[in-house]
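Input: a single structure, listed below in structure tokens.
Read-outs: derived from the displayed coordinates by stated rules, not from any lab. None of the values given here were measured: they were computed from a predicted structure. Note that we place each Cβ from the backbone using ideal geometry, even for glycine, and neighbour counts take in every protein chain shown.
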Amino acid sequence: MRMFKRYVPKMIAKHVSRLFSGRIYIDGRGGYEFDNGQLLVPVKAQQRHYDTVNEINGEIRRMRENNQR
């Protein structure tokens, strides 16, 4: 499990896409699991969880699009 003290979406997206599956914890945002290089919504999710997942998965998509060019 990787713990992030600050919420930096690009750095978290790099970690998630590189390791492909596992768990992370973000201070102030909570714990998350990721699989197939995408962050998953927690079981008892609140709006901040959905916002975080959407933002990080969007960064992962942007990184993949830039690598294909």
Out of the residues in the range 9-30 that are surrounded by 14 or more Cβ atoms within 10 Å (Cβ to Cβ) and hydrophobic (A, V, I, L, M, F, W, C), which is nearest to Gln46 (Cα to Cα)? Ile26
Could you please let me know if Glu59 is crowded, with 16+ Cβ neighbours inside 10 Å, of a type in the set (D, E, K, R) and in a helix (DSSP H, G or I)? yes
Here the residues within the range 23-69 that are touching a helix residue (DSSP H, G or I) at 6+ places or on another chain (Cβ under 8 Å), under 18 Å from Met1 (Cβ atoms) and basic (Lys, Arg) are Arg29
Among residues of the range 31-47 being on the phi < 0 side of the Ramachandran plot and either small (Gly, Ala, Ser) or assigned to a loop (DSSP other than H, G, I, E, B) (or both), the residue surrounded by the most Cβ atoms within 10 Å (Cβ to Cβ) is Leu40
